[in-house]
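**Q** What follows is a single structure, and I will ask about it in a moment.
The values are calculated or read from the model by the stated rules, or taken from the named source; none is laboratory data. Please read all numbers here as calculations on a predicted model, not as lab measurements. Here Cβ is always computed from backbone atoms with ideal geometry, including for glycine, and neighbour counts include all displayed protein chains. Each accessible area value is taken on the protein alone, full model and side chains, heavy atoms only, with ligands, DNA and RNA left out. Shrake-Rupley method; radii C 1.70, N 1.55, O 1.52, S 1.80 Å.
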Number of protein chains: 2
Amino acid sequence: MLSTMQDVPLTVSRILTHGSTVHGKAQVITWTGEAEPHRRTFAEIGRRAAQLAHALHDTLGVAAEERVGTLMWNNSEHMEAYLGIPSMGAVLHTLNLRLPAEQLAWIINHAEDRVVLVNGTLIPLLAPLLPQLPTVAHVVVVGPGDRTPLADAHAQVHDYEELLAGRAERYDWPEIDEREAAALCYTSGTTGEPKGVLYSHRSLYLHSLQVNTAEAFALGSRDIALPVVPMFHVNAWGLPHAAFMAGASLLMPDRFLQPAPLAEMIETIRPTIGAAVPTIWQGLLAELDAHKRDVACLHTVVIGGSACPPALMRGFQERHGIRVVHAWGMTETSPLGCVSHPPAGVDDEEEWAYRATQGRFPASVEARLIGPAGEELPWDGTAAGELEVRGPWIAGAYYGGAQGALLRPEDKFSPDGWLRTGDVGTITPDGYLTLTDRAKDVIKSGGEWISSVELENHLMAHPGVAEAAVVAVPDEKWGERPLATVVLTDGSAITYEELRAFLGERIARWQLPERWAVIPSVPKTSVGKFDKKVLRRQYADGELDVTLLS
Amino acid sequence: MLSTMQDVPLTVSRILTHGSTVHGKAQVITWTGEAEPHRRTFAEIGRRAAQLAHALHDTLGVAAEERVGTLMWNNSEHMEAYLGIPSMGAVLHTLNLRLPAEQLAWIINHAEDRVVLVNGTLIPLLAPLLPQLPTVAHVVVVGPGDRTPLADAHAQVHDYEELLAGRAERYDWPEIDEREAAALCYTSGTTGEPKGVLYSHRSLYLHSLQVNTAEAFALGSRDIALPVVPMFHVNAWGLPHAAFMAGASLLMPDRFLQPAPLAEMIETIRPTIGAAVPTIWQGLLAELDAHKRDVACLHTVVIGGSACPPALMRGFQERHGIRVVHAWGMTETSPLGCVSHPPAGVDDEEEWAYRATQGRFPASVEARLIGPAGEELPWDGTAAGELEVRGPWIAGAYYGGAQGALLRPEDKFSPDGWLRTGDVGTITPDGYLTLTDRAKDVIKSGGEWISSVELENHLMAHPGVAEAAVVAVPDEKWGERPLATVVLTDGSAITYEELRAFLGERIARWQLPERWAVIPSVPKTSVGKFDKKVLRRQYADGELDVTLLS
């Protein structure tokens, strides 16, 4: 029996219209590195998103379902593209500006982007690739930057402001099926070809609603959100859409992602909530420790993208009064998979233990743990298995290209359609997920599993250690054993023996690494995660100065 | 181009499964009037909801889409029914126990309820109706109460606990299309036959997500919610579903809705957020003013159902430190239509002014104001028109009965499918709705509109006035004029002349009522709203002692 409720699709255009009317006075504030940041109201963003849609549709001929790429920093023009492109029925393809050139080209060609919007400062990245990008008919340059590298391009080059100027400030947004594609983001997969996730209007809408709940990030119209996490990195964790839905203003850092300007923009604009990967926050924490700043405006700092060292969480809270909220997700999960809010009625130490977990699943994310033999494991806080998830904002396939069928690789999707996350962990009876390792990073030592993340967290809690990465290396006797690589803090004179003794007080003896190496920094992927693939290769190639403790 | 996201329907069973696993330790606490309240965990509710579904399906033969009525107070068994009945694919029909007997019978017959769950204490209400209810094959009695009135019933009578005992604690919930009906609620319409709104799984799910956002009621797992608003009154404003989704515990008042037990349960169980109509809060405020209680646990009190007198909001905040959140909705809007959170950066007086509005629309509720000539009016804070709304949790029709087509009366739905709310008001440029009147309650005096609500609010702000209701009465010269009826506070000796002078300082002279009457209490509808229909009839029949001021 059908209900009597209205059948109104959940679309990005509704988020845009809502934010630019009911919350028309809220602002997108873009940091410029100069005395005055750039400010644009949500109402202006709404008008300019309509102008952009007119330009793309009326002049550049972008049709429904065609892909429009953005190679841009977090700024207000990127926001216009974020909302305007899906609203007109096209697909927003966010391009990761930290990818190697050949991967960037591969992705643009796979997506068959017809138009690319590029920040002027990023022309040096795009211009050399253009000859290899036959589908790109138009390049739209946003903001200042030397355009001469584009002089010989086969694509037509436009200036963003000129393209928008004088166009109608309203667009009759089409009524789109909510299951249609709205945005495209490729995984920066560490192995194999990048894989495209096509978010739907429905998935973005539902995800934004969840982001705004109290159990997630609780954005409201009194908040100013600072997405340091790039807009090309999994929808900037949902903050741009969620902010427009809730009427929260946005502070956009543009290309100023270093600790000093971040500290300055926080002190000046006073955001209430920020989101970034641990590496960024680690840098900011060091900056705040060194140079006192008034950052009390930040009631919440969301950390995700990789496991957050407990020392980092405590540092923010205890020295700067900023509450750290740990979250977990991936490109395939939009990304909101888990958020860690401790339960009520626990003491201080228990609260810290809960904070260090990846957190609880929201109602729209169903989870199960699958053991080595394919069996479903209990939520007992002990049984460790691969996490599989299901839900309306979880990918069920990858984009196969314009002519191709959807891709459902077996190692990524279970036969009944759940996403295999590749993460190994435990879930407590009250639903808190603790990830211990990537399935491929677990150290299989003599039939037992050693968690590299656990070793890293213990090592990074030592004052003499700035960063630590533990990887599996081949071992004749045990199959695999852990190699501990550490980055020392300035002036640290800690020895391997001392570090091993420090670990020995915290973990079982058989888990203690024999192999140690000091490295200048941990290799990172384009989105700032530890790149263990590089470390394993360096070890194999004998590039690391490894000490063997007996 | 379809997205690559999973196609997972938004269903009540997902809310139930989520709450009873991830938040299995949260509790439904039911007040019993005795020393110890009754406590059941969400995990237990989940198991018992499955047992109820087995009982209904396996033993009572309830099939998909069949209606199961509940004539119950707010308690944990009602929660089991709330979640279990829609999850199994049947339709939960909440019965308003305050309706006149003949209306209750009409509704049960129109819905063709096959089973009715009834609290033992409410048997005296149901038993006399049963002979007129041919579709009701089973009556399930929940909790203690004299069952002799049911002895001769044609329906089979069951005991709830006996029916559940020993059944499987898991149910393989069917995968239901999210647009299917989940719950049925009839409007307690003041005119004409009651009209049924069939909520879908989708509408309940989306509505619950919105309830949990920071811009609405922000329920989280550290909250305890107290829905004083009955579960038969528009989904108890979404709190039961939202609480299960967020892991917020619930304090259920059962039949203890009087000021003294409410104050006691708040002091004892320490809920953090409560929701009720103004009449209930008015009673509680008087109780708290008279007998000091520690109610600081309540950070938020949601008031809706009818316009909230500003004096009530200030009383809670200024004398008891409780923030009042004004909300607007109706049966047809699930009910969340607006919530009033003041914007950032306003001073104290402005904040109170914003608080007194009905608030802002959430992203999923689109709104427009329609003027007397059918034209769409601007959001300028001045132009007053009838509010029309659209969205995924807004009704687009009424239930026409098992064999009938959906009903779309012209006075309730616009030709393009928007809901005509029957409420008249203004919207500010920043999206705040202020309702002044019901379209039918506006006093049309000489070509101008006089707002009865405005007059009432001013009158109720006078210390000598407990309640005031203003209705339109026929007038030879002006067409209509306001009649002011007032309930005096104990010991008040205020005169009509003094009240008129008090009003004269606040509103235009031509709006001042000439006709005045003191009444012992304002007649109320079954859900506690002012019943102006009764007042108009009493005036017409000469039953009121009216004084005419010259």
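**Q** So, counting K/R as plus one and D/E as minus one, what does the shell of residues with Cβ under 15 Å around A:SER492 add up to?
**A** Cβ neighbours under 15 Å give a net charge of -4.
**Q** Using the crude model of +1 on Lys and Arg Cβ and -1 on Asp and Glu Cβ, and no other charge, please compute the dipole size for the range B:129-273 relative to its Cα centre, in debye to 20.
**A** 280 debye
**Q** Hand me the GluC sites (Glu not before Pro) from the range A:380-431 located in a DSSP loop with no more than 10 other Cβ atoms within 10 Å, in residue order please.
**A** Answer in residue order: A:GLU410.
**Q** For the interface of A with B, what's the total buried accessible surface in square angstrom, probe 1.4 angstrom, rounded to the nearest hundred?
**A** The summed interface area works out to 5800 Å².
**Q** Roughly how much of B:TRP173 is accessible, in Å² to the nearest 10, using a 1.4 Å probe?
**A** About 50 Å², rounded to the nearest 10.
**Q** Relative contact order of the range A:234-309: what whole-number percent is it, with Cα pairs under 8 angstrom and at least 6 residues apart?
**A** Reported as a whole number, the value is 33 percent.
**Q** Using helices alone, I'd like the mean residue ellipticity at 222 nm for the protein assembly as shown: each DSSP H run of four-plus residues gives -39500 (n - 2.57), total over residue count, nearest 500.
**A** Dividing the helical sum by the residues of the protein assembly as shown leaves -7500 deg cm²/dmol.
**Q** Where the centre of each part is set by its Cα atoms, how far does the range A:527-550 sit from the range B:346-375, in angstrom?
**A** Between the Cα centre of the range A:527-550 and that of the range B:346-375, the gap is 60 Å.
**Q** If you don't mind, another one. Debye calculation, C-alpha points only, no solvent: report log10 I(q)/I(0) for chain A at q = 0.08, 0.11 Å⁻¹, in the same order as the q values.
**A** -0.53, -1.02
**Q** Find the Cα radius of gyration of the protein assembly as shown, compare it with 2.2 N^0.38 Å by division, and give the number to two decimals.
**A** 0.99
**Q** What number results when the radius of gyration of the range A:441-548, computed over Cα atoms, is divided by 2.2 N^0.38 Å?
**A** So the Cα radius of gyration is 1.00 times the expected 2.2 N^0.38 Å.
**Q** Same structure, new question: Using a 10 Å cut-off on Cβ atoms, rank the peptides A:65-72, B:483-490 from the highest mean neighbour count down.
**A** A:65-72, B:483-490
**Q** If you add up the charges near A:LYS533, with Lys and Arg at +1 and Asp and Glu at -1, over every other residue whose beta carbon is less than 13 angstrom from its beta carbon, what do you get?
**A** Here the charged neighbours net out to +4.
**Q** Moving on to the next point. On a straight-distance basis, which aspartates and glutamates could pair with A:LYS444 in a cross-link, Cα separation under 13 angstrom, same-chain partners fewer than 8 positions away excluded?
**A** A:ASP475, A:GLU476, A:GLU480
**Q** Can you find, among A:LEU130, A:TRP328, A:ALA155, the residue sitting farthest towards the positive end of the charge dipole of chain A, where Lys and Arg contribute +1 and Asp and Glu -1 at Cβ?
**A** Towards the positive end, the residue furthest out is A:ALA155.
**Q** Let me ask something else about it. Points 7 angstrom from Cα along the Cβ direction at B:ASP380 and A:ARG368: gap in nanometres?
**A** With each label placed 7 Å out from Cα toward Cβ, I get 6.0 nm.
**Q** Could I ask something else about it? For a test of the definition: using alpha carbon positions, the gyration tensor, and the 1.5 limit on a/c, classify the range B:173-307 as rounded, prolate or oblate.
**A** Oblate shape, in that a/c is at least 1.5 and b/c is the bigger or equal ratio.
**Q** With a 1.4 Å probe and all protein chains kept in place, how do B:ASP541, B:ASP437 rank by accessible area, largest first?
**A** So, going from the largest accessible area down, we get B:ASP541, B:ASP437.
**Q** Taking the Cα atoms of the range B:22-106, report the difference between the largest and smallest coordinate on each principal axis, in whole Å and largest first.
**A** 38, 31, 21
**Q** Averaged over B:229-238, how many beta carbons belonging to a partner chain fall within 10 Å of each residue's beta carbon?
**A** Across the residues of B:229-238, the mean count of other-chain Cβ atoms within 10 Å is 0.
**Q** Find how many whole Å separate the alpha carbon centroid of the range A:55-69 from the alpha carbon centroid of the range B:133-209.
**A** Cα centres, the range B:133-209 to the range A:55-69: 51 Å.
**Q** Right, here's the next one. Cα centroids of the range A:422-479 and the range B:428-470: how far apart, whole angstrom?
**A** Distance between centres, Cα-based: 65 Å.
**Q** Quote the charge dipole size of chain B about the Cα centre in Debye, to the nearest 20; the model charges only the Cβ of Lys and Arg (+1) and of Asp and Glu (-1).
**A** With only Lys, Arg, Asp and Glu charged at Cβ, the dipole is about 440 debye.
**Q** From other protein chains only, count the Cβ atoms within 10 Å of every residue's Cβ in A:276-283, then give the mean.
**A** The per-residue average across the peptide is 0.
**Q** For A:HIS326, which sequence-distant residues (separation of 5 or more, or a different chain) have an amide H within less than 5 Å of its own amide H, given hydrogens modelled in the peptide plane?
**A** Here the answer is A:ILE303, A:SER340, since their amide H atoms fall under 5 Å of that of A:HIS326.
**Q** To continue, here is another question. Under a Cβ-only charge scheme (Lys and Arg +1, Asp and Glu -1), can you give me the dipole magnitude of the range A:441-548 about the Cα centre, in debye to the nearest 20?
**A** Roughly 280 debye, rounded to the nearest 20.
**Q** Here's a follow-up. So how many Å³ per residue does the convex hull of the Cα atoms of the range B:305-424 work out to?
**A** So the per-residue Cα hull volume is 132 Å³.
**Q** Here is a further query. Need one value: the accessible area of B:VAL473 in square angstrom, 1.4 angstrom probe, rounded to the nearest 10.
**A** 0 Å²
**Q** Under 5 Å between amide H atoms, partner at least 5 residues away or on a different chain: which partners does B:ALA397 have, H built in plane at 1.01 Å?
**A** The answer is none.
**Q** In percent, what relative contact order does the range B:441-548 have, based on Cα pairs under 8 Å that are 6 or more apart in sequence?
**A** 23 percent
**Q** Moving on. Rounded if a/c is under 1.5, else prolate if a/b beats b/c, else oblate: with a ≥ b ≥ c from the C-alpha gyration tensor eigenvalues square-rooted, which is the range A:91-160?
**A** The shape class here is rounded.
**Q** Could you state the principal axis extents of the C-alpha atoms in the range B:357-441, from the largest down, to the nearest angstrom?
**A** Here the Cα extents, ordered largest to smallest, are 45, 27, 21 Å.
**Q** State the answer as a single residue: which of B:PRO194, B:LEU209, B:GLY166 lies farthest towards the positive end of the charge dipole of the range B:56-212, with beta carbon charges of +1 for Lys and Arg and -1 for Asp and Glu, about the Cα centre.
**A** B:PRO194
**Q** What average count of beta carbons from other chains do you get within 10 Å of the Cβ of residues in B:424-432?
**A** So the per-residue partner count for this stretch is 3.
**Q** Contact order normalised by length for chain A, with contacts defined as Cα pairs under 8 Å and 6 or more residues apart; what percent is it?
**A** Once normalised by length, the contact order is 10 percent.
**Q** Determine the shape class of the range B:504-550: with a ≥ b ≥ c the square roots of the Cα gyration tensor eigenvalues, call it rounded for a/c under 1.5, and otherwise prolate if a/b is greater than b/c, oblate otherwise.
**A** Judged from the Cα gyration tensor, the range B:504-550 comes out oblate (a/c at least 1.5, b/c at or above a/b).
**Q** Considering only DSSP beta bridges with both partners in chain B, what is the antiparallel share in %, to the nearest 5?
**A** Antiparallel: roughly 55 percent of the beta bridges in chain B.
**Q** Order B:SER188, A:SER521, most accessible first, counting only protein heavy atoms with a 1.4 angstrom probe.
**A** So, going from the largest accessible area down, we get A:SER521, B:SER188.
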